[in-house]
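S.K.: Before anything else, here's the structure in question.
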Amino acid sequence: MTDRPHPNIANPKTAEAAPGLPADGRERFLRACRCLPLDYPPVWFMRQAGRSLPEYRALKEKHSFVEIVQTPELATEVTLQPVRRFDFDAAILFSDILVICEAMGQRYGFSDRGGIEMEFKVRGAADVEKLETGAVAERLRYVAEALPMIRGELGGGKALIGFAGSPWTLANYMMEGGSSREFTAARALLYTEPRTLNTLLEKLTAAVTEYLQMQIDAGVDAVQIFDTQGGVLADDVFAEASGRWMGEIVSALGGQVPVTVFSKGAAGNRDALIATGADVLSADWTVGLAEFKKGLPADVAVQGNLDPTLLQTTPEAAAAETARILETMRGLHGHIFNLGHGVTPEAKLECIGSVVSAIRSFS
């Protein structure tokens, strides 16, 4: 993967020749993606914007979640909030993985009981046939409008990350009709009507590829594929049901920017994850990050993997576990510090701050 040029790094040869020089957040993030030496890793958090921040909650009193996602000015503001507060090295677009489903004709919202609720459930070939892929860019143009605004506010010193859900994860939500205690409908279809499931996954792969390309064209420095339902698959079907489709997306994007794959609960499928061609593999908190990294090709970076629960404890506990992870990764190039999943609404701001401080003071 190191032979694939990343155009967002202006002079990689110079960067390699001066591994100890200070770097701004964007350069630090991009160096880590390419497994170049750094004095300490860049840091950002999945779900870093949102319910843990009082400034977001204040905005949410006036606007719905969907309204924020679909209004470029509001999405820009929420994307920037955690970067302003914690000085993260990267910002990630504030949006939702389900915008793809909506763009294909399956609208979503939030029920009065809580949780995501889709307009209908995709259950068979007839439902799959109704889904459209030709209007994704047009229907998600609000994202293409928001990203240049975010880029302008961030300036050149912070990385900007775009994202999408994996085809397998999106298929799960589409077939369950929203949030679910147990995601079983897609797995059942995998065994009973694999051709129907493959047709759905093919459509989703095309839509996700177009959507991520649109984000790249709008100026993101990297993209992440969230395969949050990857861990529900048996090891012997993971590659076919999830890994294969993410690999097609990575291949289609052609190394324009670094691509991260986060497949929650699927670290045991390391070979299939490597086969996706991703530049960075993100691991959840149940994985020993250093051992996971040592099992990857030298040019594949890792991201992770603090247990998000630490952010609900004390600043001291959060900082101590951060230092432990950093120590295990000492001498291993290609580490982006992150959580093993997303920030929870119960996260304490002082704990988030202590993690960032522990990283920046690591030596």
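The values are calculated or read from the model by the stated rules, or taken from the named source; none is laboratory data. Remember, predicted model here, so these are calculated numbers, not experimental data. All Cβ positions, even for glycine, are placed from backbone atoms using ideal geometry, and neighbour counts span all protein chains on display.
S.K.: What do you reckon, is Val302 closer than 30 Å to Leu253 by Cβ, under 20 Å from the mean Cα position of the chain (by Cα), among the β-branched types (Val, Ile, Thr) and surrounded by 20 or more Cβ atoms within 10 Å (Cβ to Cβ)?
M.R.: It is true that Val302 is closer than 30 Å to Leu253 by Cβ, under 20 Å from the mean Cα position of the chain (by Cα), among the β-branched types (Val, Ile, Thr) and surrounded by 20 or more Cβ atoms within 10 Å (Cβ to Cβ).
S.K.: List the helices (runs of 4 or more DSSP H) that sit entirely inside the stretch 29-126 and contain at least 1 residues that are under 22 Å from the mean Cα position of the chain (by Cα) and farther than 30 Å from Glu176 by Cα. Walk me through how you get there before you give the answer.
M.R.: Details: elements: 54-60, 65-70, 72-86, 99-103.
Answer list for the stretch 29-126: 72-86.
S.K.: Among the numbered conditions (1) modelled with pLDDT of 95 or more; (2) out of contact with any strand residue (DSSP E or B) (no Cβ under 9 Å at 6 or more places or on another chain); (3) among the β-branched types (Val, Ile, Thr), tell me where Thr14 comes up short.
M.R.: Against the list (1) modelled with pLDDT of 95 or more; (2) out of contact with any strand residue (DSSP E or B) (no Cβ under 9 Å at 6 or more places or on another chain); (3) among the β-branched types (Val, Ile, Thr), Thr14 comes up short only on (1).
S.K.: Somewhere in the stretch 157-170, is a residue of a type outside the set (Lys, Arg), assigned to a loop (DSSP other than H, G, I, E, B), under 23 Å from the mean Cα position of the chain (by Cα) and surrounded by 15 or more Cβ atoms within 10 Å (Cβ to Cβ)?
M.R.: Start the filter on the stretch 157-170 by keeping residues that are of a type outside the set (Lys, Arg), which leaves 157, 159-170.
In the following step, the residues that additionally are assigned to a loop (DSSP other than H, G, I, E, B) were identified as 157, 166.
Those still in the list that are under 23 Å from the mean Cα position of the chain (by Cα) too: 157, 166.
Okay, now just the ones that are also surrounded by 15 or more Cβ atoms within 10 Å (Cβ to Cβ), so 166.
Yes, some residue in the stretch 157-170 is of a type outside the set (Lys, Arg), assigned to a loop (DSSP other than H, G, I, E, B), under 23 Å from the mean Cα position of the chain (by Cα) and surrounded by 15 or more Cβ atoms within 10 Å (Cβ to Cβ).
S.K.: Further, regarding this structure: Looking at the stretch 201-258 only, could you name the residues that are more than 15 Å from the chain's Cα centre (by Cα), of a type in the set (Ser, Thr, Tyr) and over 22 Å from Ser179 (Cβ atoms)?
M.R.: Within the stretch 201-258, Thr205, Ser251 meet the criteria.
S.K.: In the stretch 322-341, how many are crowded, with 19+ Cβ neighbours inside 10 Å and more than 11 Å from Tyr40 (Cα to Cα)?
M.R.: Final tally of qualifying residues: 6.
S.K.: On to the next question. Out of everything in the stretch 336-363 that is in contact with a strand residue (DSSP E or B) (Cβ under 6 Å, 6 or more places away or on another chain) and of a type outside the set (Val, Ile, Thr), what residue ends up being nearest to Ala317 (Cα to Cα)?
M.R.: This residue is Leu339.
S.K.: A further question on this structure: Within the stretch 350-362, can you find the residues that are touching a residue at least 60 places away in the same chain (Cβ under 8 Å) and either surrounded by fewer than 17 Cβ atoms within 10 Å (Cβ to Cβ) or not in a helix (DSSP H, G or I) (or both)?
M.R.: Those that are touching a residue at least 60 places away in the same chain (Cβ under 8 Å) and either surrounded by fewer than 17 Cβ atoms within 10 Å (Cβ to Cβ) or not in a helix (DSSP H, G or I) (or both): Gly353, Arg360, Phe362.
S.K.: Would you call Ser179 surrounded by fewer than 18 Cβ atoms within 10 Å (Cβ to Cβ), of a type in the set (S, T, N, Q) and under 28 Å from Ala239 (Cβ atoms)?
M.R.: yes
S.K.: Condition test on Ala319, is it of a type in the set (A, V, I, L, M), touching a helix residue (DSSP H, G or I) at 6+ places or on another chain (Cβ under 8 Å) and crowded, with 21+ Cβ neighbours inside 10 Å? Explain how you work it out, then say what you get.
M.R.: Numbers: of a type in the set (A, V, I, L, M): yes; touching a helix residue (DSSP H, G or I) at 6+ places or on another chain (Cβ under 8 Å): yes; crowded, with 21+ Cβ neighbours inside 10 Å: no.
The answer is no for Ala319.
S.K.: Among the residues of the stretch 270-299, count how many are closer than 20 Å to Ile249 by Cα, of a type in the set (D, E, K, R) and crowded, with 21+ Cβ neighbours inside 10 Å.
M.R.: 1
S.K.: Within the stretch 321-348, how many residues turn out to be touching a residue at least 12 places away in the same chain (Cβ under 8 Å), over 21 Å from Pro82 (Cα atoms) and over 20 Å from the mean Cα position of the chain (by Cα)?
M.R.: The number of residues fulfilling the criteria is 8.
S.K.: Among the residues of the stretch 47-59, is any at pLDDT 95 or above, closer than 30 Å to Leu200 by Cα and hydroxyl-bearing (Ser, Thr, Tyr)?
M.R.: Checked against the condition, which is being at pLDDT 95 or above, closer than 30 Å to Leu200 by Cα and hydroxyl-bearing (Ser, Thr, Tyr), the stretch 47-59 yields no hits at all.
S.K.: Something else now. Among Ala278, Ala222, which is without any contact (Cβ under 8 Å) to a residue 60 or more places away in the chain and of a type in the set (Gly, Ala, Ser)?
M.R.: Residue meeting the stated conditions: Ala278.
S.K.: Next question. Being in contact with a strand residue (DSSP E or B) (Cβ under 7 Å, 6 or more places away or on another chain) and either more than 25 Å from Gly340 (Cα to Cα) or of a type in the set (Ser, Thr, Tyr) (or both), is that true of even one residue in the stretch 257-265?
M.R.: Among the residues of the stretch 257-265, at least one is in contact with a strand residue (DSSP E or B) (Cβ under 7 Å, 6 or more places away or on another chain) and either more than 25 Å from Gly340 (Cα to Cα) or of a type in the set (Ser, Thr, Tyr) (or both), which makes the answer yes.
S.K.: Being touching a helix residue (DSSP H, G or I) at 6+ places or on another chain (Cβ under 7 Å), surrounded by 18 or more Cβ atoms within 10 Å (Cβ to Cβ) and either within 21 Å of Val143 (Cα to Cα) or free of Cβ contacts under 8 Å to residues at least 24 places away in the same chain (or both) is the filter here, so list the residues in the stretch 225-252 that pass it.
M.R.: Ile225, Phe226, Asp227, Ile249 - these are the residues of the stretch 225-252 that are touching a helix residue (DSSP H, G or I) at 6+ places or on another chain (Cβ under 7 Å), surrounded by 18 or more Cβ atoms within 10 Å (Cβ to Cβ) and either within 21 Å of Val143 (Cα to Cα) or free of Cβ contacts under 8 Å to residues at least 24 places away in the same chain (or both).
S.K.: Somewhere in the stretch 198-221, is a residue hydrophobic (A, V, I, L, M, F, W, C), outside any helix (DSSP H, G or I), surrounded by 19 or more Cβ atoms within 10 Å (Cβ to Cβ) and touching a Phe, Trp or Tyr at 6+ places or on another chain (Cβ under 8 Å)?
M.R.: No.
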